[in-house]
Amino acid sequence: MIEKFLKAAGWMTLCGMLILVQPKEVLADQTGTSGTCETSTQMLVKVDADDIVLYGESYAEAEVIATLEKDSIYQIEMTTPSGWIKVTGAAGTGYIDGNEDFTIVESVQEESAEEIAKKKSESRRQSLVEYALQFLGGRYVYGGNDPHTGVDCSGFTRYILRNGAGVGLNRSAATQASQGKAVSADEMRPGDLIFYGSGKRINHVAMYIGNGTVVHASTERTGIKTSPWNYRTPVAIRNVLGD
């Protein structure tokens, strides 16, 4: 049913892409009357005949590179005022006569589920960073739970993750370090938590915000601030966001 609908609307599927079938006249709209026009969108040529020739240059007496296979697809690089089309595909890069038997299609690349999930994760993490940074300069208060009035390190990360991402955390840095999953320094992303301590005893937590930097409720003297992520030797790094 979906395939019938797409075809009725002028769409077809090819190699994981949706392509919109267009009349040849669409090239005239993009080419203009003088100069050479670079295509601004990914336009394609679908070969409809067995004898379309690919030339090395944009004139009929130029060297013949290949004869294009019927139903093959070539990407349009540019069009010329004289009606020639520069294309790239399996037979190489060259020119075809705009009067040949072909169909113009426009590609719309479908995103995979993994790509969609990655973009959603990146957006969520960036929003969390921006949420946390609004509290820079706030007070450090031991046992505090709200950066508007004062927080300690774990109170800050707990507040930020709960209100900025809907993730519940334990109250202390040591117990937060048991949540989520462990990641390496090479794997960490904005929104991950970095834990510090003496030996294996954890006594401080900060949130990574990217570019080698963390934000944290540091001390009574400095309050909520940013620091290099390795200003102290990390004991653990945890992804608590679940992505």
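The values are calculated or read from the model by the stated rules, or taken from the named source; none is laboratory data. Here the structure is a predicted model, which is why all the values come from computation and not from measurement. We place every Cβ from the backbone using ideal geometry, glycine too, and count neighbours over all the protein chains shown. What goes into the accessible areas is simple: the full protein's heavy atoms, side chains included, and nothing from ligands, DNA or RNA. Shrake-Rupley method; radii C 1.70, N 1.55, O 1.52, S 1.80 Å.
Does the stretch 187-201 contain at least one residue that is surrounded by fewer than 16 Cβ atoms within 10 Å (Cβ to Cβ), in contact (Cβ under 8 Å) with a residue 12 or more places away in the chain and within 25 Å of residue 149 (Cβ to Cβ)? No.
Residue-by-condition table, conditions (1) touching a residue at least 12 places away in the same chain (Cβ under 8 Å); (2) of a type in the set (Gly, Ala, Ser):
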position: 123; (1), (2): no, yes
position: 138; (1), (2): yes, yes
position: 143; (1), (2): yes, yes
position: 157; (1), (2): yes, no
position: 170; (1), (2): yes, no
position: 176; (1), (2): yes, no
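Just one of the listed residues (168, 143, 137, 180) is of a type outside the set (Asp, Glu) and under 14 Å from residue 216 (Cα atoms), and it is 137. Out of all the residues in the stretch 210-219, is one or more in contact with a helix residue (DSSP H, G or I) (Cβ under 6 Å, 6 or more places away or on another chain), of a type in the set (Val, Ile, Thr) and closer than 17 Å to residue 189 by Cβ? Scanning the stretch 210-219, I find at least one residue that is in contact with a helix residue (DSSP H, G or I) (Cβ under 6 Å, 6 or more places away or on another chain), of a type in the set (Val, Ile, Thr) and closer than 17 Å to residue 189 by Cβ, so the answer is yes.
In the condition set (1) in contact (Cβ under 8 Å) with a residue 60 or more places away in the chain; (2) of a type in the set (S, T, N, Q); (3) closer than 23 Å to residue 165 by Cα, residue 42 is compliant with all but (3). For the stretch 130-173, the set of residues classified as open to solvent by less than 70 Å² (accessible area, probe 1.4 Å), over 15 Å from residue 204 (Cα atoms) and part of a loop (DSSP other than H, G, I, E, B) consists of 135, 137, 138, 147, 166, 167, 168, listed by residue number. Applying the criterion of at least 2 residues that are surrounded by fewer than 15 Cβ atoms within 10 Å (Cβ to Cβ) and out of contact with any Lys or Arg (no Cβ under 8 Å at 6 or more places or on another chain) to the strands (runs of 3 or more DSSP E) found wholly in the stretch 45-84 leaves 64-67. In the stretch 95-128, the residue that is least open to solvent (accessible area, probe 1.4 Å) out of those that are touching an Asp or Glu at 6+ places or on another chain (Cβ under 8 Å) and closer than 23 Å to residue 68 by Cβ is 102.
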